Amino acid sequence: MQFSGQLLKMFTQNGKPIQYFLNLSHDLINLNQVIGKNLTIKHVGYECVSCRSDEKIYRMGFCKRCFFESPYASDTIIRPELSTAHLGIGERDLEVEQQIQLAPHIVYLAYTGEVKVGVTRESQLPTRWIDQGATFALPIAKTTNRYEAGMIEVALKEHIADKTNWKKMLEDDFEDDLDLVDFRERIKHHFPENFQNFYTMEREMQRLDYPYEAPEKISSCTLDKNPEVGGILRGIKGQYLSFEGGNFINVRAHEGYVVEISITKPKETLA
């Protein structure tokens, strides 16, 4: 089977296991059905996720101009504490920023090889956890806007990590008795004094089930260094595809790349 188009982050459906769909110009390919088959990804061009130009992708799927101009690539995407939409102050496009920043947000704990803190819009759960490859996750605060959530995260990341170590996440090593509920109770006193009222115990810890088993070795490859990557697909976790031999590619890191996809049966099963 042959496919081509603009690569976007994988679409997911929570389940046992999570269902993964390769998003190719908004056409979806069920990758769970591809596990055990040869999957080849060949880089043939670029298409900015914003302006759709064929300029080289700079970051986050955007060409360089759009990365510095689009409200969907603003500093508040990475640093929510910089949000000013609640004050009526725009950074790039106030109307868009109000839609993003003035929605309910969740501050959460996630286990991605180690316990980390993160922020996302409430409407993005559990998608955000899946994209990060969290094995366990748990909300610890619910706020009315992005700024409030960002300020809580700033305080908590003085005590725990706020970024995912991708290798630790893919090692898939955890203790069965890991208890994020207890962790939540122990760190709540680190909330800023004026933000204590956002603390929540509404939800229980969630475990996420990936179509994935960790290989003995883990190495990352990119389409910038290797314009054609692939092999027998062995599993999927986070936004990473795992190929036989321990090679991985981060699909989300290649948003905006135009690719050709080939899916075939392994040689030993060919008639």
For this session: Tell me, please, whether a residue that is within 26 Å of residue 106 (Cα to Cα) and either outside the structural domain of residue 110 (by TED's automatic domain parsing) or modelled with pLDDT of 95 or more (or both) can be found in the stretch 174-184.
Result: no
Seminar exercise, completed: Scanning the stretch 124-139 for residues that are part of a helix (DSSP H, G or I), touching a residue at least 24 places away in the same chain (Cβ under 8 Å) and polar (S, T, N, Q), the one surrounded by the most Cβ atoms within 10 Å (Cβ to Cβ) turns out to be 132
Exercise. Does residue 226 satisfy being surrounded by fewer than 17 Cβ atoms within 10 Å (Cβ to Cβ) and assigned to a loop (DSSP other than H, G, I, E, B)?
Worked result: yes
Seminar exercise, completed: Note: among 169, 201, just one is assigned by TED's automatic domain parsing to the domain that holds residue 112 and either at pLDDT 95 or above or in a helix (DSSP H, G or I) (or both), namely 169
Problem set entry | residue 142 vs. criteria surrounded by fewer than 19 Cβ atoms within 10 Å (Cβ to Cβ) and not in a helix (DSSP H, G or I) | yes
Seminar exercise, completed: Across (1) surrounded by fewer than 20 Cβ atoms within 10 Å (Cβ to Cβ); (2) closer than 17 Å to residue 21 by Cα; (3) within 19 Å of the chain's Cα centre (by Cα), residue 237 clears everything bar (1)
Exercise. Can you name the number of the only condition in (1) touching a residue at least 24 places away in the same chain (Cβ under 8 Å); (2) outside the structural domain of residue 116 (by TED's automatic domain parsing) that residue 225 fails?
Worked result: (1)
Exercise. Has the stretch 195-207 got any residue that is out of contact with any helix residue (DSSP H, G or I) (no Cβ under 6 Å at 6 or more places or on another chain) and within 30 Å of residue 2 (Cβ to Cβ)?
Worked result: no
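The values are calculated or read from the model by the stated rules, or taken from the named source; none is laboratory data. All values reported here derive from a predicted model rather than from experimental measurement. Don't worry about glycine lacking a Cβ; one is built from the backbone with ideal geometry, like all the others, and counts go over all protein chains shown.
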